[in-house]
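*Asks:* Pasting in a structure now, in structure tokens, and then I'll have a few things to ask.
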Amino acid sequence: MTNWDEIRTAYQVARLGTVSGAAEVLGVHHATVIRHIDALEARLGVKLFQRHARGYTPTEAGQDLARVAQTTDDQLQQLAGRIKGQGEGVSGELLVTSLINFSPLMVGALASFRATYPDVIVRYLTGTRLFRLEYGEAHVALRAGSVPQEPDNVVQPFSRQAVALYAAKSYVAARGAPKTEQELAAFEFVGYDDPDSRAPFNIWMKPRVPFDRVVFRTEDNRVQQEAVRAGVGLGFLSVHEAQDDPELVQVLPPREEWSSPLWLVTHVDLHRTPKVQAFLRHLKEYATDKSAQ
């Protein structure tokens, strides 16, 4: 239909609202921006912008084009990031993603990886959304739960994160601690705001502890640990995170039914690159060493 330069120019004008702003971002003369817009409108046979003293306002057609152009531009940027990861050396950016509650493990692994490969720049992305490896949003993802099913991804079993029931020493001193499952409902709990959370320990707890006994509710695992540490109530925490905290005591030991299987996920195009392979090996060795301590 037309060339990408003209569409990209129209997208930047729609985003910024001025020819001068688009010209600065694109690194071209403002006359080039105007020429691209005029040529694109002539080719499409429709006005993409209303011109006025303050700048350019996209018409409905201009808004449609800008939405498509933004998606395409994002995908091209992500593709460029993915291609950069295909170099032969262990250098450049390494994009890794996981849920925030795995950060103690991942930060330690990434820090020691950089000590071995100082030419690597680490980008560690956390969040609940699923990062798209096929668009280059990450080189390696650590995921929990059922086996990831996205096509063109390489999925490897990693481990299970041990989870136990903890309380603050101050809470135990004031309220005691349950000695059996039957006593759990007599105590306060810290947990998820969503009573139907699919976290394995939440599913286990649901028939045993009334939801009104969950007196402190949050979706952030870091906040949950801080609330347990502050003596609000009992809470299920990662053993890896809690075992070195002097303010916490383990009330019930870890059970497999409280934990989720973990998976290492990479995209098939990047799986065998030296950088990704080096990090996968390092992460597995780091996790094994930590579990043996």
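*Asks:* If Ser260 passes every condition in (1) at pLDDT below 85; (2) closer than 23 Å to Phe113 by Cα but one, which one does it miss?
*Replies:* The single condition Ser260 does not satisfy is (2).
*Asks:* Any chance you could count how many residues in the stretch 121-161 are touching a Gly at 6+ places or on another chain (Cβ under 7 Å) and open to solvent by less than 50 Å² (accessible area, probe 1.4 Å)?
*Replies:* 2
*Asks:* Which residue is nearest to Val96 (Cα to Cα), if the candidates are limited to the stretch 162-176 and must be touching a residue at least 40 places away in the same chain (Cβ under 8 Å) and open to solvent by less than 40 Å² (accessible area, probe 1.4 Å)?
*Replies:* Ranking the candidates gives Val163 first.
*Asks:* Spot the failing condition for Glu226; the list is (1) modelled with pLDDT of 90 or more; (2) in a loop (DSSP other than H, G, I, E, B), and only one is missed.
*Replies:* With (1) modelled with pLDDT of 90 or more; (2) in a loop (DSSP other than H, G, I, E, B) applied to Glu226, the lone miss is (2).
*Asks:* While we're on this one: Name every residue in the stretch 174-221 that is hydroxyl-bearing (Ser, Thr, Tyr) and over 18 Å from Trp258 (Cβ atoms), in order of residue number.
*Replies:* Hit for the stretch 174-221 is Thr218, nothing else.
*Asks:* On to the next question. Could you please let me know if Pro246 is out of contact with any Pro (no Cβ under 9 Å at 6 or more places or on another chain), at pLDDT below 95 and open to solvent by 40 Å² or more (accessible area, probe 1.4 Å)?
*Replies:* So Pro246 passes the test.
*Asks:* When you go through (1) part of a loop (DSSP other than H, G, I, E, B); (2) touching a strand residue (DSSP E or B) at 6+ places or on another chain (Cβ under 9 Å) one by one for Pro207, which number turns out not to apply?
*Replies:* Among (1) part of a loop (DSSP other than H, G, I, E, B); (2) touching a strand residue (DSSP E or B) at 6+ places or on another chain (Cβ under 9 Å), the lone unmet condition for Pro207 is (2).
*Asks:* May I pose another question? Can you pull out the residues in the stretch 1-33 that are in contact with a helix residue (DSSP H, G or I) (Cβ under 6 Å, 6 or more places away or on another chain) and open to solvent by 50 Å² or more (accessible area, probe 1.4 Å)?
*Replies:* Leu16, Ser20, Val25, His30
*Asks:* Only one of (1) part of a loop (DSSP other than H, G, I, E, B); (2) out of contact with any helix residue (DSSP H, G or I) (no Cβ under 8 Å at 6 or more places or on another chain) is not met by Ala173, so which one is it?
*Replies:* (1)
*Asks:* Only residues that are in contact with a helix residue (DSSP H, G or I) (Cβ under 6 Å, 6 or more places away or on another chain) and not in a loop (DSSP other than H, G, I, E, B): list them for the stretch 125-139, please.
*Replies:* Within the stretch 125-139, Thr126, Tyr135 qualify.
*Asks:* Here's a check for you: in the stretch 140-164, which residue that is assigned to a strand (DSSP E or B) and not aliphatic (A, V, I, L, M) is farthest from Leu105 (Cα to Cα)?
*Replies:* Per the stated criteria, the residue is Asn153.
The values are calculated or read from the model by the stated rules, or taken from the named source; none is laboratory data. Predicted model, so just to flag it, every value in this text is computed and none were measured. When we count neighbours, we look across all protein chains shown, and the Cβ atoms used for this are built from the backbone with ideal geometry, even at glycine. All accessible areas refer to the heavy atoms of the entire protein, side chains included, with ligands and DNA or RNA removed. Shrake-Rupley method; radii C 1.70, N 1.55, O 1.52, S 1.80 Å.
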